[in-house]
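These notes concern the structure reproduced below.
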Amino acid sequence: MQILIAILAGVLLAVVFVVISAPLRAARSAERTGVPAEGEQARHSAASASYERAELEAARETKYREIRDAELDLRTGKLSNEDYEAIDSGLRAEALELLDRLETIDSERPANNAGPGNAKPKLEG
Amino acid sequence: MADLGRICLPLALLICVYGIGASIYGARTGRIEFSDSGRRSVYALAIVLTVAFGVLELAFLRNDFAFNTVADTSSRTTPTFYRAAAVWSSQEGSLLLWAWLLSLWSSLALFLVRRRMRDVAAYATAILLGFGAFFISLMIFYASPFSTTNPAPAEGVGLDPLLRFPTMMIHPPMLYSGYTLCTIPLAFGMGALLARRVDADWIKAIRRFAFAAWLFLGIGILLGARWSYSELGWGGYWGWDAVENASLMPWLTGTAFLHSLMIQEKRGMLKVWNVSLVLATGTLAIMGTFLVRSGILNSIHAFGGATLGVPFVVLIGILIAASIYLVVSRRDMLRSQHRLDSLLSREAIFLGNNIVLVALCFVIFWGTYFPLISEAFTGTEASVGPPWFDRYTVPLALLLVLLSGIGPVIAWRRATFANARRNFAVPLLSALVTLVVLLAAGVAHKAFAIAMFCCAAFVLGSISQEFFRGTRARRAMAGEALPVALVALVRRNRRRYGGYVVHLGIAVLFVGVAASSSFQHAVEQRLSVGGSTHVGKYTVRYVRPTATITPKNDAVHTGSTLNIGAVLDVSKGGRHVATLSPSEGFYDSGEPAQGTVGHLIGGQAVSHISMSAGVTRDVWTAIAPDISTPALQRIVSIGNRTLPADEGVVALGVLAREYLKHPPAAQFHFIVSPLVMWIWIGGLIVLGGGLIAIWPTPSAVRRRVAMRSRARAAHGLARA
């Protein structure tokens with residue numbers, strides 16, 4: 001019984017080590033194979049752009065939802081036509097501004113990722 | 001196998017410590033591999049705690065009484081289902097359950113956001129692992145689930161009879177899932193503040209978990225109320241017990257958050273409020289756990305055990321201090337982007353709803369914690385009872401239900417008075433008709449109940465109107481048949497219409513509460529066989545006594561050694577309505593000093609109520625039989641003197657026969673409560689609405705909607 005417990009404990013330790021260390025091993029492996037790591041500045045720039053994109057995408061989805069909600073409010077009689085027109089055009093303008101900003105980020109992305117390379121570990125999950 | 005469990009706990013603690021360090025390092029340096037490793041520590045923690053939980057579960061199922069917690073809360077005669085669930089009936093097992101559920105839900109949350117908000121997620125990971133380390137440390141240093149005794153006792157004490165009820169065994173996992181899920185928005189909220197990223201993305205990420213926490217807490221609360229009503233012998237479903245209140249408070253602030261985060265999403269307002277609500281909800285969840293696990297309370301919920309008060313107070317102090325510091329130091333980033341456009345808007349109604357919910361939480365907080373604080377300083381036990389709570393919560397509950405009917409019929413941003421008049425006509429008419437009917441029925445003296453019924457009718461009117469108009473609009477647009485249009489309407493607008501269903505469920509639930517509280521008839525009466533009494537319009541007659549011995553004769557597996565009860569006939573207007581069979585179970589005290597027979601029935605006596613439940617009313621009854629009569633006590637006394645240790649049950653058989661032959665008068669408690677069933681129905685409606693709102697939209701549908709929305713956004717502004 002004690003041997004069985006020791007084996008089980010050993011297996012558990014091994015699993016824990018494999019799971020936790022996988023990203024670190026992947027990063028080291030990438031370094032060893034000669035794929036240079038990102039420079040810190042490039043990494044931060046890429047991260048910033050990624051965050052901004054995520055924020056804008058979340059804001060865009062919310063804006064689309066607001067446009068649909070306003071239309072549903074009109075159709076269910078909660079908004080007058082005048083109020084709806086005013087709200088709707090404002091929301092669409094805000095939505096297009098978000099789309100413009102997203103396109104700007106996308107067009108700048110190759111510039112952000114330029115440099116020595118991108119050695120971000122592929123292992124995720 | 002206990003050794004394997006003992007290895008798991010320190011290993012889990014090490015994983016937490018490593019994960020906290022790796023996550024913070026990764027967040028501060030931008031080294032993604034360390035953030036990822038920190039996240040994977042949570043997965044590893046889930047694996048290790050699953051093994052630990054499995055070891056303990058197996059010990060219960062195998063009746064391994066070498067485990068102290070198994071010996072204290074289970075026995076060979078405990079039915080398998082209850083044995084499996086008895087894991088969390090003890091202090092130690094419940095701590096392990098808490099930590100395990102935390103690791104599982106945290107793993108899911110972090111997996112779902114693994115490609116987003118890396119620095120926010122890294123800080124959140126550290127905070128979640130911090131909670132994990134706290135609970136694991138409690139188990140290692142205070143209350144280990146894997147402590148053993150050698151040699152192992154041959155038999156265990158058995159499960160507390162009050163817990164031998166199916167909903168009671170599901171109640172803790174539901175409640176703990178709610179509590180642990182509350183820590184996820186808290187962790188991400190703190191992470192967003194630490195990373196200085198408090199805009200739309202983190203709100204979107206935690207919305208589902210905030211909703212899931214709200215749902216699980218709600219289910220747990222409802223199951224607890226159902227258990228109280230169906231098992232405990234007092235006939236009520238809510239007693240403003242400190243532990244009940246502890247679970248309700250985070251649910252209230254969580255409800256407020258789910259509403260106000262919509263305002264932040266749409267208008268960029270209430271950022272300070274929202275982040276404060278998230279932090280408060282998580283802190284209240286920890287405080288709820290503190291109340292149950294710390295040993296500070298002496299109640300049915302507090303399963304005694306080690307006093308964990310000091311560590312919990314330290315943790316809560318750190319949470320409160322950290323929350324205040326983060327919100328104050330980041331207040332510049334939390335400024336609102338817009339102001340309220342109009343007081344006649346959904347935003348204003350949601351704000352009102354938030355104020356009411358937080359006020360409710362504050363009242364309950366004061367009533368719950370003030371007595372404890374007062375007792376800590378003065379040494380005198382103080383208590384605040386249901387009348388105090390009802391005085392303040394009933395008006396607030398009325399306001400809440402009313403607002404839940406107003407919100408759906410008001411537009412976002414601004415509504416005109418003309419529109420408001422048109423939209424309020426049907427709900428107001430519903431309320432008015434209800435008022436007239438109730439007054440005509442002669443119940444004018446029950447003001448609060450009438451007010452609640454009218455508010456509920458208002459809600460029903462407004463929700464029905466919303467569904468009707470929405471379906472009509474859908475049919476006009478798409479030409480669909482009525483049922484198809486209704487389903488399509490809900491599928492396209494899950495959040496909105498799921499929310500409407502939740503509002504309806506709340507209104508129905510409060511109708512049940514108001515009716516059962518205000519129009520209840522209760523009688524306590526001592527009856528002999530053949531005697532009868534009146535309870536409201538019902539007549540209850542004591543037909544005959546019942547008496548059974550040993551668990552195998554006990555159909556509900558309560559484990560009682562002796563069960564004494566009665567058969568009652570319930571009639572109304574001369575017509576038979578129901579037959580009820582309440583009983584009281586007598587249990588083994590495990591104290592040999594009480595004698596061979598005495599110890600078999602010397603333990604905690606538990607009432608097994610009997611109820612006839614219906615759509616319009618419940619007839620509820622409990623019995624307290626009298627076994628202290630000289631004739632019955634003589635049997636016990638003779639048995640104690642003459643029977644060997646393992647034959648005491650023979651005397652119980654004689655006692656049971658004597659009771660059946662010459663039954664003494666018994667004390668009965670009868671209650672007729674109208675509309676109680678609508679509380680549970682309302683709860684199910686709330687659950688259904690919550691599931692509709694939280695259900696994810698298939699990704700193909702999301703992409704199609706996004707494309708159409710993009711085209712629509714450009715249309716009319718001459719952009720393609």
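Based on this model, can you work out whether A:R92 counts as within 25 Å of B:V490 (Cβ to Cβ), in a helix (DSSP H, G or I) and either more than 7 Å from every other protein chain (Cβ to nearest Cβ) or of a type outside the set (D, E) (or both)? So A:R92 does not fit the description; no. Of all residues in the range B:12-21, those that are facing another protein chain (nearest Cβ under 9 Å) and crowded, with 21+ Cβ neighbours inside 10 Å total 2.
So which of B:S94, B:S74, B:S106, B:S89 ends up being at pLDDT 95 or above and of a type in the set (S, T, N, Q)?
Details: B:S94 fails: at pLDDT 95 or above; B:S74 fails: at pLDDT 95 or above; B:S89 fails: at pLDDT 95 or above.
Within the list B:S94, B:S74, B:S106, B:S89, the selection yields B:S106.
Here is a check on your reading of the model: is B:T180 within 23 Å of B:I47 (Cβ to Cβ), in a helix (DSSP H, G or I) and either in contact (Cβ under 8 Å) with a residue 40 or more places away in the chain or within 25 Å of the chain's Cα centre (by Cα) (or both)? When the stated conditions are applied, B:T180 passes them. Determine, yes or no, whether B:I206 is closer than 22 Å to B:S35 by Cβ, within 14 Å of chain A (Cβ to nearest Cβ) and buried (at least 23 other Cβ atoms within 10 Å of the Cβ). So B:I206 passes the test.
Being in the same structural domain as B:T77 (by TED's automatic domain parsing) and either within 24 Å of B:T561 (Cβ to Cβ) or surrounded by fewer than 20 Cβ atoms within 10 Å (Cβ to Cβ) (or both) holds for only one residue in B:P166, B:P151, and it is B:P151.
Of everything in the range B:478-497, what is within 14 Å of chain A (Cβ to nearest Cβ) and either surrounded by fewer than 16 Cβ atoms within 10 Å (Cβ to Cβ) or part of a helix (DSSP H, G or I) (or both)? Give them in sequence order. If the condition is that a residue be within 14 Å of chain A (Cβ to nearest Cβ) and either surrounded by fewer than 16 Cβ atoms within 10 Å (Cβ to Cβ) or part of a helix (DSSP H, G or I) (or both), then B:A478, B:A485, B:L486, B:A488, B:L489, B:V490, B:R491, B:R492, B:R494, B:R495, B:R496, B:Y497 are the ones that fit. So in the range B:353-384, with the set limited to residues that are touching a residue at least 24 places away in the same chain (Cβ under 8 Å), under 20 Å from the mean Cα position of the chain (by Cα) and over 26 Å from B:L261 (Cα atoms), which one is surrounded by the most Cβ atoms within 10 Å (Cβ to Cβ)? Out of the qualifying residues, it is B:T368. Pairs are defined by a Cβ separation below 6 Å, a sequence spacing of at least 6 or placement on different chains, a first member in the range B:600-614 that is assigned by TED's automatic domain parsing to the domain that holds B:S589, and a second member that is of a type in the set (F, W, Y) and surrounded by fewer than 17 Cβ atoms within 10 Å (Cβ to Cβ); no pair meets this definition.
Residues that are within 14 Å of another protein chain (Cβ to nearest Cβ), surrounded by fewer than 22 Cβ atoms within 10 Å (Cβ to Cβ) and aliphatic (A, V, I, L, M) within the range B:407-444 comprise B:A418, B:A420, B:A425, B:V426, listed in sequence order.
Looking only at the range B:616-636, how many residues end up being over 43 Å from the mean Cα position of the chain (by Cα) and exposed (fewer than 14 other Cβ atoms within 10 Å of the Cβ)? Full working, then the answer.
As a first pass, look at the range B:616-636 and keep what is over 43 Å from the mean Cα position of the chain (by Cα): B:630-631, B:634-635.
Pick out the ones that are also exposed (fewer than 14 other Cβ atoms within 10 Å of the Cβ) and you get B:630-631, B:634.
Matching residues across the range B:616-636 total 3.
Scanning the range B:232-243 for residues that are part of a helix (DSSP H, G or I) and crowded, with 20+ Cβ neighbours inside 10 Å yields a single hit, B:A242.
Got at least one residue in the range B:156-179 being out of contact with any Pro (no Cβ under 6 Å at 6 or more places or on another chain), among the β-branched types (V, I, T) and within 14 Å of chain A (Cβ to nearest Cβ)? No, because not a single residue in the range B:156-179 is out of contact with any Pro (no Cβ under 6 Å at 6 or more places or on another chain), among the β-branched types (V, I, T) and within 14 Å of chain A (Cβ to nearest Cβ). Do we find that B:W240 is in contact (Cβ under 8 Å) with a residue 24 or more places away in the chain, in contact with a Phe, Trp or Tyr (Cβ under 6 Å, 6 or more places away or on another chain) and not assigned by TED's automatic domain parsing to the domain that holds B:W88 in this structure? Answer is yes for this residue. Evaluate the range B:61-69: report whether one residue or more is in contact with a Leu (Cβ under 7 Å, 6 or more places away or on another chain) and assigned to a helix (DSSP H, G or I). For the range B:61-69, residues in contact with a Leu (Cβ under 7 Å, 6 or more places away or on another chain) and assigned to a helix (DSSP H, G or I): absent.
Selection of the range B:588-628 for residues being polar (S, T, N, Q) and in contact with a Gly (Cβ under 6 Å, 6 or more places away or on another chain) yields B:S589, B:Q594, B:T596, B:S607.
Scanning the range B:106-124 for residues that are more than 30 Å from B:T29 (Cα to Cα), more than 14 Å from every other protein chain (Cβ to nearest Cβ) and under 22 Å from the mean Cα position of the chain (by Cα) turns up nothing.
For the range B:303-328, a tally of residues being touching a residue at least 40 places away in the same chain (Cβ under 8 Å), more than 30 Å from B:A86 (Cβ to Cβ) and either part of a loop (DSSP other than H, G, I, E, B) or of a type in the set (G, A, S) (or both) returns 2. Yes or no: B:I7 at negative phi, buried (at least 20 other Cβ atoms within 10 Å of the Cβ) and away from chain A (no Cβ under 12 Å)? So B:I7 does not fit the description; no. For the range B:209-226, the criterion of being over 23 Å from B:L284 (Cβ atoms) and crowded, with 22+ Cβ neighbours inside 10 Å is met by none of the residues. Of the residues making up the range B:135-144, one or more are out of contact with any Leu (no Cβ under 6 Å at 6 or more places or on another chain), in a helix (DSSP H, G or I) and among the small types (G, A, S). Close contacts from the range B:569-585, counting a first residue that is within 10 Å of B:V540 (Cβ to Cβ) and a second that is part of a strand (DSSP E or B) and of a type in the set (K, R), with Cβ to Cβ under 6 Å and a gap of 6+ residues or different chains, come to B:D569/B:R541. If you go through the range B:22-53 and keep only what is at the interface with another protein chain (Cβ under 9 Å from one of its Cβ atoms) and of a type in the set (S, T, N, Q), you end up with B:T29, B:S35, B:S37, B:S41.
Would you mention how many residues in the range B:41-75 are among the aromatic types (F, W, Y) and under 28 Å from the mean Cα position of the chain (by Cα)? Even if it seems obvious, please write down each step before you answer.
Taking the range B:41-75 and keeping what is among the aromatic types (F, W, Y), we get B:43, B:53, B:60, B:65, B:67.
Imposing the further condition that a residue be under 28 Å from the mean Cα position of the chain (by Cα) reduces the set to B:43, B:53, B:60.
Residues that pass the stated criteria total 3.
The values are calculated or read from the model by the stated rules, or taken from the named source; none is laboratory data. Just so it is clear, the structure is predicted and the values come from calculations on it, not from any experiment. Note that we place each Cβ from the backbone using ideal geometry, even for glycine, and neighbour counts take in every protein chain shown.
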